[in-house]
Every structure is written in C-alpha cells, then in structure tokens.
Amino acid sequence: MTQQHNWTEMWPCLVVFLVITVSGGCTGKDTSNLIEYKYAAFSESLHAGKTMFIFFARHGSPTISLFLKELEKSSDALKDYGVLVGMVNCNKVVVGTYCTDERLLHRAFLFRGGDEFMKFSLDTVFDVNSIVSEVLFALLHEEVKYVHTGSDLMIMEKTAKGKKDIVLGYILSLGTPEHRSLMETAYAYGSTYQFALITGGPVLKYLSTESSHRSQLMDAPLVTEVYEDPSTVLPPPVPYQHTPQVFLFSHPETAHLDMDTATSLALKLRGSALVVLVHRESPVVKSSQDYNVAFRFPEKGSAVKYLTLRGLNDVFDIFTNQEKEEDDENVEEEEEEEEDYEEAHYDQLDDEIARSVYQSQGFIPEVDSITELTPENFHGAVAKRSLTVVLFHFQWDAVSSLFFESYIEVAEQFVDSEVQMSVVNCEEWTLLCAAQSENSQPIPFQPITSFPCILLLRPGEPAQVYRDMLDTEALYRFIVLSQKPSPLKVSTEEEVISFFQELPHPVAKYNPERVFGLFKTHAGISVFTEAAKSLRGKVLTGLVTGELADKWAADHSADLPALFVFPSWRMHTATVLPMSTSLKELLSHINTALLHPMPELTVENLPSFLSLGKALLLLFVEEEEDDAGRRQTQVLVEEMKAVVELGQRKIEKYLPSWIHLGRTPAAMSVLGSYFGSMPHLPALVLTHLPSGPEIYQYPPNVPIAASSILSWLQRIEDGNETPAGLLGGDSWPPAFEFLDFLKLMDMEEGDEGIVDEEDFLSFSSAEIYDDDSSVHTEL
C-alpha cells in the first residue's frame, strides 16, 4: 500500500540547486530538494514549531555522502507529511552542541513543536525507506503502537474495544519497505483504525496457531463455567464440534485465582481449544480430588481423560503433543498412546517436585530438605536447632501451593546447616496451628489466622513472624540475616570493623543496611533493643557502650545516646539520629532514614514507599539493549536526582522514583493501564496524588530535564495541565482482603509500632507471582 508520487509532474515549477561543500574531502553535490539551513533559517523554523528532520554535517566520508543522497530522496517523500528535511553545514555555521559534540557525529535529529523530539543513529536511518518509516513511526506514536508482548496486545484490544478496529502489521524488521508502507497507511487511516506493529517474538508466538481453525474459534467464550461432572458435559456445539475441550477444577476457597488460571490457559489455547472450569462445590461433580485437569478430544465418542499435572505448561504440552499425534496416527493408536503417556507421566511425577494451584489441592511433595512437623515431634525438633523456619499452610490454599516451590528452593540452600526448614499442614494438624498443645508444653506462637504463614522459632524465644515477600530471594535473605544477633553487642574496635566489613555469605551481594546504637549509660538501651528485634532479618544492628561509644561519638561530632544509620544506597556515610524514648517513633525515624530519596521501585519495596502517602513522580524506563542504552538510563536517573536537589522543600510532597521495566516487568501492565495503551518510553508520570485520582503525563516531546520537570509540576499545581488519565475507583485492590498488604501493615502496628505477638497476621503475597496465572501488582 505504499504511496507513490511523481514529484516531477507535481512540482514542475521549482528546481533549486544547492552546492554543499564540507571539509574532509566532500565534493560538490546536486541536492536540489535538500535544504541547507543557515543558522537564522534553522532557528526561525524551529521556533515556529515546524516538524524538521535535520542532519548536522561536519566531516565528509563515503558513508556520509551516501546518507545525504538518501536524505535527499526522503525530502520529497516526507514533504507530503508536513516534515521539512534538510541539513546544517557545521563548517559554515555552528548550532550549539549539535555541531560540537563528537557523540552526535553520526546522528540525525527530528524536531517538533520547537524542541528536539528524537534522535536517530545513521545505522537505523540508512536509506529512504528507513528514513521515512522511522520518522513517521516517531510522529505516529499514538496511531501506531509497537506491541512487545501478548499482554500489551490484550491491553490494546481492551482499550480499542467498541471504539476502533485494530490493524495488526507484522514485519520482519524496522526500516524496511514494508515498514514504510505500513507507516504511510497509518498516516492516512490512523484516525479510523488503531494500528499495532509487531516484529515477531512473543506476540507472534502468542498469535500462532492454525489460522483457519483459530479464526472460527475467536468468537467462542474464553472460559465456560459448569457445575456438573466433565463426563456429563455435552460436546461443543456447532461450529465448535471438532474442538478439543480442557477441563480445570475450581474450589470455593480459591475461586478467584482458579478463574485467573483458567483465563490464562484459555488465552494460550485460544483458537485451538475450549477451556471449561468445573466448580467442585456442586454435589454432582464426582471426579476424584486426585485429578486437576481433564481432556476430551474431538473424535466421536472419545471419553474424558483425567490427569494430574504440575502446571499450565504441562497442560499446554499435553494438548499440543496430542494434536501432533492426531495428524499422524489413527484413532485406535492415538488412544493407546494416550494411556501410555498417562502412565509414563505418573511415573515421572514420582521424582519431580509437583506443584500447581490444582495439584496442590490434595498433595504436597515430600523432600529431604524439609521436615514435616506434627504435635508429636514439634517441640523436639525446635529444641535441636538454633533456628527453625516453619511454613504453616493449607493444601487447598492456592497461595500456599504457588509459594511452596520457592520454599523448597530456599530449604535446599540450608541443607547441612543450623537452620531447619519445616512445614506444618494445618488441614491435618488443626490444634497445633491453633497454638493448642496436646500436652503440658507451651506453644511459642499465637494461633495462625492466615495462610501461608512463616515463623522463625528459636529455643526459649518468642516466635518471629516473616512478613515480607513470598519470594525465594527475599525469604533466603531474611533467614540469613536473622541468624545474626540483633542487636550484636560490640566492645572493641576490631569488632566494629568486623560489623561493617564482614557480612553473612552469600548475602554480601545484597549490601544490607546497618543501624549502630551508641550509649554512654544503660538509659535508652531497652528501647533500642526492642527496635533491633523488630528489624531482625531486614537490618543488621549493633550496640556499643562505654568508652568505645564515647570515642565514636567524638570522632563523628555526635551526642550520646545516638543512632548511626547506614542505608544500602549510601554505606560510607551515616545519618546520625538522636535516641527516642518511644519505640514507635524510633522505628519511624530509622525506616525513614533507610529510604532512598529517589528510589528504584520494585514489587518488593513498593508498599514501603506507598505507605509514605506521597504522590509518585514516576519515571518508567525500558530494558536497555547495549551500553549506550544503559548510559541513557543513567542520564535520566541523574536528572531525576537533580529534581530532588533543585526542588528542595518544593519537592517534599512528591516521591521522585523510577521503575526499570526489564527488572520489574509487571509494571508494564500498570503503565499500560494508566493510559489505555503503552506510551513511548521513557515515560514520566505523576500519580497517586493525595488530592485525587488524576494521572499526569510529562510531555513526551519535551526532553526529560530537572528544570523542565519542576516547571511541569508547577503548572500542575497551578491547574494549567490537563490529566492524561484517572486511577480506577478501586486503585487495583488485591484479589482478597487478606492480601491487602498495606492494610495488614496498619493492623500489625500496635501502640508501640511493633507487631503484637498476640494479634499478628501473616502477609500472603499472591500479588508477586508472575507464573502461568495472571500477575497482580498493587500500584
């Protein structure tokens, strides 16, 4: 659909010859359609807000000569789209850093609205097709979305539903004639259709299946819910009568998560199979609890086949394997191979860690690295080790089952150590989980009220509750740091040095924060000790008294008693805090001192920063492909830090922060939900305003600079900026009330700001999983 123009016929009256001479061997060249800008003309066009694609030429070379020829060709093509194409001869006029910065030597620049809009490496704009396609791609960033993942496409479909049809273009690479053709089509029809561009990868895989069969099934329900046994469910009606059916089972306790899982599988199999969710609470469902999936393939009279599988990938593999067998074998051979595969799969499960939402609803695997505790062996097991970590769980609980594999991974790292990793099945040992002893021995914890729950038990000490992420790395780090005394009493200079240099291996890579308490007398030590117990597992705490404390205080010009807080982001410079007589106040001061003033937000630390109640000034950056991209990210982060430094007290109401989408991919869905589609990156937004649900987007055509950001914030405060979106009325609440992390944090804080041992709740973090089921992120 490439537009073709005979520019000679259209423009017969005007022919301009310009002779361009550049040092370094450039020869005279006929550039009849390429404008050579003088400084005044360039400045005038720039301030007039015209769209210009400009190359700043300094040194001649064969590569530059070839590029100028292609640039000339593109000038005609882009003129029709309102883009002026030209060059500035830096040997005649100097235009700022564009003519002096060696790093910009092989760059071409797109200007729009009086500002630099985008720069391009000559490696990406090497001929007329790549120039036209890349320039239009940049200008049509709302009309043409570059779709990276299946979830991006889903967001686009949801946004465009009922408004615009979507035109999905697949090209092998950017800058090709096909890319140009698509961009020129989008220029003409962008107001009528929403264009999406893919170059293969995950989206192509997401879309791939037998096209004819898929197109027939696209109108079928994504998931069908039934309250009868799979064996009595009727085959699919016309026109889906030849389509396989996949049955998953749901329990009342995990109905929401079960539907999420079924939806995730249905999206994978869309166009290839129909997913049916069977509600087990119905009395007519007679299928054994040992099975979590069933199949019915399209051959006439085929019976329902029941299996127990590890997860959605296994379901998908079984299905695709079955389809391949259908292509090559007759019905009788296929049925025999189904039986053989089923038997082989059961044999395989004997040696695998089998877990998934459904399979775990009746089975938790036994592994050597984990001890199963019962009322009979509980007290003896805890007394044998210096630290016993206990996971309390229900077998039918979806969150427990999802987390169990991570728990096994942590346990395997503590084999042959003083740490004993164990589990208690609260479905079987209800009295133990209710903290009721069958003999006279006391139970060292309060009744377990939410699942999964992790306690750290030490002989003769109260239980320590783990409240952080249900994640392998987070739990491992917490356990290792918990092995250190809290606080660690330090009495010599050598022990001080050891406290700051020697870290529990291999947790040294996490660079844990440290809090150092200095006391001349015993006054205030008890409050600090209680604070250290609350921080155990998260922060290394040390206690210094007497003459050594006096020496430290004198060296750092501090008055005793005092706290030295060393955050992970600034380990060599301490924040000195005065001691407080209130435990709640002391913990608040310590936690505030540990927070980064311009943090990288992650799923793990997000709740801590949201609890501050500040509006988020949030920069989203994409995953870098090379060193140049990483340097660009660092430049953007430095600009955000400069916002903190320049804004000073004016910026205190905001939390400048950033998210790296490569390290926190769940944030891509969040960003897409802000505006209905993925904006161009980097993207700077202001959200979570205490005053309302408005979301503001920093102008994408304005360079991200500290001074410009502060001016933009001032315009928002003055009411001169229009919101780009609104937060949902529910602000993405957790799926269940017991998953509301911030609410749990509030409930867990007693009058003294620490967890009451008689009224604790365990944090169940279904929000963090990026498994085969959907990702939940409360942002």
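The values are calculated or read from the model by the stated rules, or taken from the named source; none is laboratory data. Everything quoted here is computed from the prediction, not taken from an experiment. Here the Cβ positions follow ideal geometry from the backbone for every residue, glycine too, while neighbour counts run over all protein chains shown. Side chains included, ligands, DNA and RNA excluded: accessible areas come from the protein's heavy atoms. Shrake-Rupley method; radii C 1.70, N 1.55, O 1.52, S 1.80 Å.
Structure data summary
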quantity	calculated
Given charges at Cβ of Lys, Arg, Asp, Glu: the stretch 35-139 dipole, positive-most of P62, M87, L122	M87
Amide hydrogen neighbours beyond the local backbone of M87, cut-off 5 Å, H modeled	I35, E36, Y37, F55
Integer Hz, Karplus 6.51/-1.76/1.60 couplings in order for the stretch 42-49, x for Gly and Pro	4, 5, 5, 5, 5, 6, 7, x
Listed residue (A562, P487, L587) projecting farthest to the positive dipole end of the stretch 485-594, Cβ model	L587
For E225, distant residues with modelled amide H under 5 Å away	L277
³J(HN,Hα), Karplus 6.51/-1.76/1.60, whole Hz, each residue of the stretch 101-107, x for Gly, Pro	7, 4, 5, 9, 4, 10, 10
Accessible-area value, Y98, 1.4 Å probe, nucleic acids and ligands omitted, Å²	40
Point-charge dipole on Cβ atoms (K/R +1, D/E -1) for the stretch 605-726, about Cα centre, debye to 20	380
Protection proxy ranking of 65-75, 707-717, 536-546 - average other beta-carbon atoms within 10 Å, highest first	536-546, 65-75, 707-717
Estimated dipole of the stretch 485-594 in Debye, rounded to 20 [Cβ of Lys and Arg +1, of Asp and Glu -1, Cα centre]	460
Most to least accessible of R280, R649 (protein chains only, probe 1.4 Å)	R649, R280
Table column - 3J(HN,Hα) (Hz), the stretch 181-195, Karplus curve with 6.51, -1.76, 1.60, x for Gly and Pro	4, 5, 5, 5, 5, 5, 4, 7, 10, x, 7, 9, 10, 9, 9
Other-chain or far-sequence residues with amide H under 5 Å of D115's (modelled H)	none
Rounded accessible area of K533 (nearest 10 Å², 1.4 Å probe)	110
W552, W396, ranked by accessible area, largest first (probe 1.4 Å)	W396, W552
Of K145/K268; K484/K520; K119/K268; K50/K650; K268/K305; K384/K520, pairs whose Cα-Cα distance is over 29 Å	K119/K268; K50/K650; K384/K520
Förster-model FRET efficiency, 51 Å R0, K92 and L204, C-beta, rounded to 0.05	0.60
Heavy-atom SASA rank of D471, D416, D80, D152 (probe 1.4 Å, accessible area, largest first)	D416, D80, D471, D152
